[in-house]
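In what follows, a single structure is set out as structure tokens and then discussed.
The numbers here are math on the coordinates, done by the rules we state, and not lab data. Note that the coordinates shown come from a computational prediction; the quantities given were computed from them, not determined experimentally. Here Cβ is always computed from backbone atoms with ideal geometry, including for glycine, and neighbour counts include all displayed protein chains.
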Amino acid sequence: MGDRAMRGLGRRQFLIGTALSSVALASGPMAWSQQSVAAAMEPQTLSGSDIYLTIGHGQITIDGRTGHAVTINGSVPGPTLRLKEGQTVRLHITNTLEEDTSIHWHGLLVPFEMDGVPGVSFPGIRAGETFTYEFPVKQAGTYWFHSHSGLQEQEGHYAAMIIDPAGPDPVAYDREHVIVLSDYSFIHPHRLFQKLKQEAGVFNFQKQTIAGLLAGQDQSHAERMEWARELMDPTDISDITGAVYSFLVNGRGPADNWTGLFTPGERVRLRFINAAAQTIFNVRIPGLKLSVVATDGQNVRPVTVDEFQIGNAETYDVVVTPTEDRAFTLVAEAVDRSGMARATLAPRLGMTAEVPPLRERPLGTMKDMGMAHDMSGMSGAERAGHADVAAMAVPGMAAPRVRGSDVMGDMAGMEGMDMSMRNWMNAPQVELGPGVQSIAPMPMDRTGETGQGLESVGHRVLVYKDLIALEPNADTRAPSRELEIRLTGNMERFMWGFDGKKYSDKPSPYAFRKNERVRVSLVNDTMMAHPIHLHGHFFELAHRAPLGHMPRKHTVIVAPGGIVKFDFTAEPGDWAFHCHMLYHMHAGMFQVFTVRPLDGAAA
Ligand SMILES: [Cu+2]
């Protein structure tokens with residue numbers, strides 16, 4: 001373990017060294033060649049009512065190293081599509097691969113047979129064939145599209161889609177840049193998945209050192225002992241880290257330094273899209289305030305922050321107003337701090353700014369295990385309420401992750417609660433088995449908290465509760481029922497599912513009636529964050545937003561041990577519902593929302 005930790009540290013220092021040397025490079029005699037690279041950095045843009053895309057094998061070159069990619073029109077990311085609200089678009093997709101492909105229009109409200117999920121909404125696009133999608137464009141904002149077949153998205157099959165509003169844009173800006181964040185591995189995705197199944201945590205080289213533990217860094221003694229007892233590795237924030245991933249901005253590595261231009265004083269709209277397979281990013285631009293104006297394509301009342309976290313498949317639109325005639329570094333740090341995507345905003349090509357070092361790695365906490373750590377502020381009744389929802393580990397299972405009786409021994413004021421009773425009754429829908437390692441005993445709403453590792457970074461970080469929809473919600477009916485879905489998993493076996501079920505073993509769709517208003521409660525029983533995506537809908541986060549202005553999203557991160565509640569109005573069709581960590585989805589965290597006509601045989 002110590003050896004592994006040493007290697008991890010060494011690699012981290014190496015990465016920082018790489019970033020710094022690239023700065024030296026760019027400001028030296030190589031600056032001219034970087035200019036010619038930057039000139040070619042803007043992706044191709046396609047518009048109009050007929051758009052032709054070809055999916056095929058290709059290559060990607062990252063910081064001088066070339067690997068295999070699945071490309072759209074030959075590039076990673078593919079061309080940016082620029083559409084207009086109110087138009088109808090026909091997208092002709094030709095598959096030159098030897099296997100099926102598909103395109104899902106992420107966040108678009110399309111007829112379900114145009115949604116692009118093989119086996120759910122259409123059969124897929126066979127090798128050598130062309131399929132035409134056609135739909136009216138009923139919305140505006142920042143979106144993207146990607147393969148929903150095999151492990152193609154992991155290899156580069158994704159691109160941005162920007163839709164201009166039919167009327168005036170409520171966001172004022174002078175210039176814009178699309179910022180597609182992603183991760184790429186030179187190891188083939190099938191091999192990565194195989195490795196994950198063989199040894200979960202295999203790509204996590206950031207294990208805590210014994211010395212660190214003894215020195216009492218990072219965590220309280222009680223917490224360390226608890227984690228140790230549970231045989232947990234609290235640095236398991238990501239399954240796959242910078243040990244094998246390069247983190248990219250618009251397909252460019254940190255040394256390639258994608259550069260976006262501005263003129264001092266301009267309002268620059270940055271359209272962030274997280275197209276990564278398995279990476280949540282923390283984004284900041286040292287020296288600039290970020291005015292968050294939209295998420296998942298939907299406008300929000302502007303919120304000024306210094307940093308925000310973006311889960312896989314989420315989008316954020318941010319306006320920055322650099323007034324100085326100098327460069328700024330755009331930092332998208334992987335959530336586990338094992339690496340970063342880096343780009344530059346500058347008045348002229350070839351300029352660079354300081355690249356900050358990676359920050360201290362974050363650690364898992366008691367809250368991530370679904371146990372509220374500090375309950376001193378709670379009333380007796382609230383504590384009793386938590387006792388009611390206590391549900392413990394699987395009876396007879398070896399080394400369960402969460403053992404309530406041990407934990408509760410550490411907690412003052414919790415006496416009288418028999419936490420060892422292994423009560424599953426509060427999550428009766430969960431199918432117990434090896435795929436369910438634990439049920440969070442005390443899950444809590446964490447949408448007012450910053451993401452993992454951002455609790456004490458010393459500046460303002462966006463939280464979900466900051467988000468307020470700019471436009472009024474279309475449907476303000478109260479939900480007529482509540483549906484709880486548990487996010488379950490087994491980290492050692494890399495098994496993931498909903499309510500203990502893996503989709504490939506047992507497709508068991510969640511049934512809804514057309515136009516039904518439902519509150520869905522997502523409870524994360526695992527110790528990893530899951531960005532959960534619902535196709536074909538926006539849902540409204542059910543936190544205390546002003547009446548009728550609940551923020552609309554298509555993807556939401558459910559923190560470990562956390563609960564996220566959302567309301568949605570069911571649109572007819574069969575809609576994929578899944579974790580957007582692509583290897584979690586591949587391992588089974590996928591289901592279907594089946595919405596039938598009211599007079600049909602539903603639910
Ligand atoms: Cu997941």
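What the table shows:
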| quantity | calculated |
| --- | --- |
| Peptide ranges 46-59, 472-485, 582-595 listed from the most packed, as the mean C-beta count within 10 angstrom indicates | 582-595, 46-59, 472-485 |
| Where only alpha carbons of region 45-169 are counted, the Rg and the Dmax (Å) | 14.4, 45 |
| When each of Lys84/Lys565; Lys197/Lys501; Lys138/Lys514; Lys289/Lys465; Lys138/Lys553; Lys197/Lys565 is checked by Cα-Cα distance, pairs over 21 Å | Lys84/Lys565; Lys197/Lys565 |
| q = 0.15 Å⁻¹, region 470-511: log10 I(q)/I(0) [Debye, one scatterer per Cα] | -0.59 |
| Cα gyration tensor, region 427-487 - rounded (a/c under 1.5), prolate or oblate | oblate |
| Burial order of peptide ranges 73-83, 127-137, 308-318 (average beta-carbon count within 10 Å, highest first) | 308-318, 73-83, 127-137 |
| Amide H contacts of Arg175 (H built 1.01 Å from N, under 5 Å, at least 5 apart or other chain) | Arg267, Arg269 |
| Residue (of Ser147, Gly124, Gly78) at the positive-pole extreme of region 45-169, dipole from beta-carbon charges | Gly78 |
| Under 5 Å, built H, 5+ apart or other chain: amide partners of Leu330 | Ala343, Thr344, Leu345 |
| Long-range HN-HN contacts of Glu307 with modeled amide H, under 5 Å | Leu462 |
| Contour minus Cα-Cα distance for Glu42 and Thr94 (0.36 nm per residue) | 16.3 nm |
| For region 286-292, Karplus couplings with θ = phi - 60° (6.51, -1.76, 1.60), whole Hz, Gly/Pro x | x, x, 10, 7, 10, 9, 7 |
| Residues Asp63, Asp296 arranged by fewest to most Cβ contacts within 10 Å | Asp63, Asp296 |
| Pairwise centroid distance, computed over Cα atoms, of region 107-186 with region 531-580, Å | 18 Å |
